[in-house]
1. Is it true that residue 142 is surrounded by fewer than 22 Cβ atoms within 10 Å (Cβ to Cβ) and under 13 Å from the mean Cα position of the chain (by Cα)?
2. Kindly establish whether residue 285 is surrounded by fewer than 21 Cβ atoms within 10 Å (Cβ to Cβ), closer than 30 Å to residue 57 by Cα and small (Gly, Ala, Ser).
3. Output the number of the condition that residue 128 fails; it satisfies all remaining conditions of (1) within 29 Å of residue 43 (Cα to Cα); (2) open to solvent by 50 Å² or more (accessible area, probe 1.4 Å); (3) touching a residue at least 40 places away in the same chain (Cβ under 8 Å).
4. Kindly establish whether residue 173 is more than 14 Å from the ligand (Cβ to nearest atom) and either closer than 22 Å to residue 304 by Cβ or open to solvent by 10 Å² or more (accessible area, probe 1.4 Å) (or both).
5. What residue, of 63, 33, is within 16 Å of the ligand (Cβ to nearest atom), in a loop (DSSP other than H, G, I, E, B), open to solvent by less than 40 Å² (accessible area, probe 1.4 Å) and at pLDDT 95 or above?
6. Considering only residues that are touching a helix residue (DSSP H, G or I) at 6+ places or on another chain (Cβ under 8 Å), open to solvent by less than 40 Å² (accessible area, probe 1.4 Å) and not charged (D, E, K, R), which ones fall in region 101-123?
7. Restricting to region 176-192, name every residue that is within 14 Å of the ligand (Cβ to nearest atom) and either without any contact (Cβ under 8 Å) to a residue 12 or more places away in the chain or aromatic (Phe, Trp, Tyr) (or both).
8. Mind counting the residues in region 193-205 that are surrounded by fewer than 18 Cβ atoms within 10 Å (Cβ to Cβ) and more than 12 Å from the ligand (Cβ to nearest atom)?
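The values are calculated or read from the model by the stated rules, or taken from the named source; none is laboratory data. Just so you know, these numbers come straight off a predicted model, no measurement behind them. All Cβ positions, even for glycine, are placed from backbone atoms using ideal geometry, and neighbour counts span all protein chains on display. Each accessible area value is taken on the protein alone, full model and side chains, heavy atoms only, with ligands, DNA and RNA left out. Shrake-Rupley method; radii C 1.70, N 1.55, O 1.52, S 1.80 Å.
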Amino acid sequence: MTRLAIALAAVVAIALGKPAQADEPIIIKFSHVVAPDAPKGKAANFFKEQAEKYTNGKVKVEVYPNSSLYKDKEELEALQLGSVQLLAPSISKFGPLGVKEFDIFDLPFLISNDAHARQMTASPEMSELNQKLETKGVSPLAYWDNGATVYTANRALIWPDDFRGLKMRIQGGKVYDAIARELGAFPQILPFSEVYQALQTGVVDGEDNVPSNILTQKFYEVQRHLTVSLHGRITYALITNKTFWASLPADVREALDRAVKETTDFFNATAQKDNADALNKIGASGKTEMHVLSEAERKAWIAKLMPVHAEMQGRFGREFIERIYKASGFTPPQS
Ligand code: LMR
């Protein structure tokens, strides 16, 4: 650049309120709703370290935990508007984006183990859904499997009938809604940030979640019972604003892709360990009575909830449900 060009650039930069240096870092705001010591919180911090290291400081990642920047629904809107660049929401919350198909993964007892969860997120069906997200201005960078969910309540939940009349917090989505209704409970959608207080004050009687969230949000301190039901999963999609990601210089994007890949491995290993540790800690706390479903109880839950699969054929189409069964290794029980 000539001296004149440099001087002009400086004048323009000052007029725009920015410093003249071209080496200002690119800021990535990463907002999430869980505690910093939950698996997603740890992964967000890990990503920050890797991203800043691999881009040699060209990128600065600001992590906002515990809904301190945005709550569940707001964060998706903020991403589409470009006010935040990275999120990792549970895919059960994608309905408001206009991609209702993601609810399908909430079908009860669909995914029975970690290997099946990974197989599902790597499937061609998931790539189809990724395309749908792209049309909404959202680019999925990775899926993080946070493991199987358990129920908590102020009543012991042993048999399906035990849910009758309970107000249950759900994350959102038509499948979660149908599950609660099938069980004779009353579903209530609440943002994650409001769940502790709702449980404490009796606005709702129970909820379902991964053990690491129940521990780090202290839900177990205000719930007398926990049932190890393993009826669902929490899967996160690490998502970015499509236009923002496409605008990154190629070398920066490559470095960030590397950080994403390493963070995904870190997340999956952390989630598995943290969920096991959380169950032990909750059990040891003596505040919550823990029950592991017996084989007979589990069969009764599955039998009670299979009608939700049938009901959802109308929403997702039989053919798509069957492809998802195959992708996630699910075999419907013989009736
Ligand atoms: C919930 O809302 O219960 C979870 O999706 C929160 C989370 O992000 O793990």
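1. On the way: surrounded by fewer than 22 Cβ atoms within 10 Å (Cβ to Cβ): yes; under 13 Å from the mean Cα position of the chain (by Cα): yes.
Answer is yes for this residue.
2. Values: surrounded by fewer than 21 Cβ atoms within 10 Å (Cβ to Cβ): yes; closer than 30 Å to residue 57 by Cα: no; small (Gly, Ala, Ser): yes.
Criteria not met by residue 285.
3. With respect to (1) within 29 Å of residue 43 (Cα to Cα); (2) open to solvent by 50 Å² or more (accessible area, probe 1.4 Å); (3) touching a residue at least 40 places away in the same chain (Cβ under 8 Å), residue 128 is out only on (3).
4. Values: more than 14 Å from the ligand (Cβ to nearest atom): no; either closer than 22 Å to residue 304 by Cβ or open to solvent by 10 Å² or more (accessible area, probe 1.4 Å) (or both): yes.
When the stated conditions are applied, residue 173 does not pass them.
5. Working: 63 fails: in a loop (DSSP other than H, G, I, E, B).
Sole residue among the options that is within 16 Å of the ligand (Cβ to nearest atom), in a loop (DSSP other than H, G, I, E, B), open to solvent by less than 40 Å² (accessible area, probe 1.4 Å) and at pLDDT 95 or above: 33.
6. Of everything in region 101-123, those that are touching a helix residue (DSSP H, G or I) at 6+ places or on another chain (Cβ under 8 Å), open to solvent by less than 40 Å² (accessible area, probe 1.4 Å) and not charged (D, E, K, R) turn out to be 102, 104, 105, 107, 108, 109, 110, 111, 120, 123.
7. 176, 192
8. Filtering region 193-205 for residues surrounded by fewer than 18 Cβ atoms within 10 Å (Cβ to Cβ) gives 193-194, 196-197, 200-203.
Right, trim to more than 12 Å from the ligand (Cβ to nearest atom) and you get 197, 200-203.
Number satisfying all stated conditions: 5.
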